[in-house]
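The values are calculated or read from the model by the stated rules, or taken from the named source; none is laboratory data. Quick caveat, the model's predicted, so the values are computed rather than measured. Cβ coordinates were reconstructed from backbone atoms using ideal geometry, including for glycine residues, and neighbour counts include every protein chain displayed.
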Amino acid sequence: MGYTDNVGTESYNQALSLKRAEAIANYIKNTFGISDTMMYVEGKGISLKYSDPEQNRRVEIYIYR
């Protein structure tokens, strides 16, 4: 799940959060050989979870077994 801070428009941040998540998924795929079919990628857009904007620019990875 990719997230962004609240700088920029909602549509821009939605696209950016997806690109951020895709970049990490590609890194995992290329580095560890994990198949695309084993991953689900989603852009969540703007996050205000943290007071520090830099912490809202993140990707969260969930591992299910």
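Kindly establish whether Gly45 is on the phi > 0 side of the Ramachandran plot and either polar (S, T, N, Q) or in contact with a Ser or Thr (Cβ under 7 Å, 6 or more places away or on another chain) (or both).
Values: on the phi > 0 side of the Ramachandran plot: yes; either polar (S, T, N, Q) or in contact with a Ser or Thr (Cβ under 7 Å, 6 or more places away or on another chain) (or both): yes.
Yes, satisfied.
Restricting attention to segment 4-24, does a residue exist that is at pLDDT 95 or above, assigned to a strand (DSSP E or B), surrounded by 12 or more Cβ atoms within 10 Å (Cβ to Cβ) and in contact with a strand residue (DSSP E or B) (Cβ under 8 Å, 6 or more places away or on another chain)?
Yes: segment 4-24 contains one or more residues that are at pLDDT 95 or above, assigned to a strand (DSSP E or B), surrounded by 12 or more Cβ atoms within 10 Å (Cβ to Cβ) and in contact with a strand residue (DSSP E or B) (Cβ under 8 Å, 6 or more places away or on another chain).
Would you call Gly2 under 15 Å from Arg57 (Cβ atoms) and not basic (Lys, Arg)?
Working: under 15 Å from Arg57 (Cβ atoms): yes; not basic (Lys, Arg): yes.
Yes: the conditions hold for Gly2.
If I go through segment 25-54 residue by residue, how many of them are surrounded by fewer than 17 Cβ atoms within 10 Å (Cβ to Cβ) and in a helix (DSSP H, G or I)?
Total satisfying the criteria: 12.
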